[in-house]
1. Which of the following residues is surrounded by 18 or more Cβ atoms within 10 Å (Cβ to Cβ) and either in a loop (DSSP other than H, G, I, E, B) or not acidic (D, E) (or both): L452, L425?
2. Part of a helix (DSSP H, G or I) and surrounded by fewer than 17 Cβ atoms within 10 Å (Cβ to Cβ) - does that describe any residue in region 470-483?
3. Do we find a residue being modelled with pLDDT of 90 or more and assigned to a helix (DSSP H, G or I) anywhere in region 616-633?
4. Would you point out which residue out of A667, A689, A684 is modelled with pLDDT of 70 or more, under 46 Å from the mean Cα position of the chain (by Cα), open to solvent by less than 20 Å² (accessible area, probe 1.4 Å) and of a type in the set (A, V, I, L, M)?
5. I'd like to know if region 641-649 contains one or more residues that are open to solvent by 10 Å² or more (accessible area, probe 1.4 Å), aliphatic (A, V, I, L, M) and in contact (Cβ under 8 Å) with a residue 24 or more places away in the chain.
6. Could you tell me which numbered condition E432 fails, if it satisfies all but one of (1) over 16 Å from V412 (Cβ atoms); (2) of a type outside the set (V, I, T); (3) in contact with a helix residue (DSSP H, G or I) (Cβ under 7 Å, 6 or more places away or on another chain)?
7. Can you tell me how many residues within region 510-533 are in contact (Cβ under 8 Å) with a residue 40 or more places away in the chain and either of a type outside the set (A, V, I, L, M, F, W, C) or over 19 Å from T427 (Cβ atoms) (or both)?
Amino acid sequence: MEKHTDKNPQGRGKDSNVASASDKEPMQGMEMHSHDMSGPGMQDGMAHADQMGHMGNLKVKFWVCLIVSIPILLLSPMMGMHLPFQFSFAGSDWVVLALATFLFFYGGKPFFDGALRELKNRKPAMMTLISMGISVSYFYSLFAFVWNRLDRTYSVRMNFFWELATLIVIMLLGHWIEMRAVGDAGDALKKMAELLPSTAHLVNENGNTVDVAVSTLKIGDVVTVRAGEKIPADGTVASGDSTVNESMVTGEAKAVVVSNGDKVIGGSINGNGTISVRVTGTGESGYLAQVMKLVGDARKEKSEAENLSDKVARALFYIALGAGIAAFVVWFLITRDIDMALERLVTVLIIACPHALGLAIPLVVARSTSLAASHGLLIRNRHAVEEAKAIRVAAMDKTGTLTEGNFAVRTVKSLDSDWSDDRVLETMAALERESSHPLAAGILESARSRNLTVPLASNVKTMGGTGLSGVVDGRKVEIVTAAYLDSKRLPYSENEFSELSRQGNSISYLLADEKVVGLVAEGDEIKPEARKTVEALRSRGIEPVMLTGDNEGFAKAVAEQVGITEFHAGLLPQDKEKVIESYRRENRPVMMVGDGVNDAPALAKANIGVAIGAGTDVAIDSADVILVKSNPYDIVHFLNLAKNTSEKIVQNLWWGAGYNIVAIPLAAGILAPVGIVLSPAVGAIFMSASTVIVAINAMRLKME
């Protein structure tokens, strides 16, 4: 690691000790305004959000199907058993048929659509298993209904309308519970698009300024960006001086001084100066467009991961189908009785209906998310819970995750006997009073905390690439960088500068009448829980790693303070994603924790993405888990809950599907030679018991 030697306070000039816009690769604009949803990666990235968007439809379907199911449950026997509350009347079987038909096509549609997708991908899972169950129930019951009316001399066939109704209602309930628990996924890509303004002030050929849609900008266009406005596209400064706040885009708490020739990023916020920006590109080459594509691709890859319940459902589908067909063939060959063989086939397939399996996971997820929310955690993706036990690397962004993201004064020092420390701070605060720079905010807050009286400053001006100048108490004073002192050959202690810089500070010097009279060192405060989090992760066999866009010196200082030995500095969004990808290629499952737009691709790419609650909407929408309190130690709480949740999921999968290990062979008649054949009625009791067990077991989930 190289030792930190830069001599500019953070963000004050082109030689800043933190990577500025001018340090980055060329950034281009993009044809997208705040409501344009056609950006690269948008369709792929919206897949999960679209799926979650069906929650309202599932809710309506559930309530409609529940109401329709009530008369079916009252009028139709359960696998041949007439329950005490059931009754019938002349024509009641026609009522049941009509309601069941509506239920099958209306309530079953989400499962049929899902099964079609699974079969197209050659991966039958839960949707296919449910579709098989309700299809067998409906069509065999329809066949039984017609058969029983063709000729009363034939034996009466049992229908399964009761099972059809309960299966559809329970499955809709389970999916609704799960979607409601994890909440609306939002759309990180839409939030990124909204970082850009919808219009830009274009300077036309006549030199006049006209407002145009950002999507119409072309390479070479010049736009005017006024104080406080968002920069509409990536480009270079054609004229003017200002500071640019990139924190919304980069996640790093810094403002960068820009002047003629410096590069700027679309979506960042202009400071208190007016600048003209020449657009250097449009479309997919823009910074945000590139980040969006990374997020979209990563989320598409993550969406292809399978839940454990899908794997269990696939196995159960093949087992039930194979056992049912085998039972039909064997019983027909032995008895030559098509009715007996068909009854065995249907009994096997009906018993395999995943009533309990459909609730096994949603109930645990609902309980888990409820517990998590009460502890400041929002779990939005069940994959995160299932993958947590495999995590071996915890990659954490620096600013906002390990640090507060706000610069605070650590050292105030007078360098002249005529100046006290308080006077140095008061004078610097006077110059910084109207500035929006992060360093200015730290100086002003320090002056307030010390109850200092800040004098008035006049004729305050920005010194391009250096700092500020003005008049305070009748004296010309300036806030400058170490590089400025070097250029003017003004003496100061380089050893002191190096020591303060090594600690991760940004140093500003105060000049009075061209004489160095004091300094202020500011640094991003380490979160009090950061070191404890690092130690807890390491005790679990998880290696903490820091990723940051800041330079090597700052990164090293923070890493040493929190106890991290491995860190990567000077990273762009695509660099962070590549680091995450490298861990995954090494078969080291990785969790990424971050809070900025530049963290979004890495959050989406990681096995588990964890967003700091105080971060940007883009980071939050790219993540699987949100730390509402912005407390990094909540990562440990999540891992504890994930471990317990995973154990409950496995237990419930055994209760939900494990009974089939016994029920399916018995339903197929494997013990028929000794006189034991599982009747549909007993199978129904098995199903009901397993459903109750998974519900009770889910409620027993604890946080610790």
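The values are calculated or read from the model by the stated rules, or taken from the named source; none is laboratory data. Quantities reported herein were computed from a predicted structural model and do not represent experimental measurements. Cβ coordinates were reconstructed from backbone atoms using ideal geometry, including for glycine residues, and neighbour counts include every protein chain displayed. Note: accessible area is taken over every heavy atom of the protein model, side chains too, but ligands, DNA and RNA are not part of it. Shrake-Rupley method; radii C 1.70, N 1.55, O 1.52, S 1.80 Å.
1. On the way: L452 fails: surrounded by 18 or more Cβ atoms within 10 Å (Cβ to Cβ).
On inspection, the qualifying residue turns out to be L425.
2. Taking region 470-483 and keeping what is part of a helix (DSSP H, G or I), we get 482-483.
Now restrict to residues that are surrounded by fewer than 17 Cβ atoms within 10 Å (Cβ to Cβ): none.
No, because not a single residue in region 470-483 is part of a helix (DSSP H, G or I) and surrounded by fewer than 17 Cβ atoms within 10 Å (Cβ to Cβ).
3. Taking every residue of region 616-633 in turn, none turns out to be modelled with pLDDT of 90 or more and assigned to a helix (DSSP H, G or I).
4. Working: A689 fails: open to solvent by less than 20 Å² (accessible area, probe 1.4 Å); A684 fails: modelled with pLDDT of 70 or more.
After applying the criteria, what remains is A667.
5. We begin by selecting, within region 641-649, every residue open to solvent by 10 Å² or more (accessible area, probe 1.4 Å); these are 643-644, 646-648.
Next, from what is left, pick out any that are aliphatic (A, V, I, L, M): none.
No, region 641-649 contains no residue that is open to solvent by 10 Å² or more (accessible area, probe 1.4 Å), aliphatic (A, V, I, L, M) and in contact (Cβ under 8 Å) with a residue 24 or more places away in the chain.
6. (1)
7. So the answer is 12.
Yes or no, residue by residue, for (1) touching a strand residue (DSSP E or B) at 6+ places or on another chain (Cβ under 9 Å); (2) at pLDDT below 90; (3) loosely packed, with under 13 Cβ neighbours inside 10 Å:
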position: G107; (1), (2), (3): no, no, no
position: L116; (1), (2), (3): no, no, no
position: T128; (1), (2), (3): no, yes, no
position: V136; (1), (2), (3): no, yes, no
position: Y140; (1), (2), (3): no, yes, no
position: L150; (1), (2), (3): no, yes, yes
position: N159; (1), (2), (3): no, yes, no
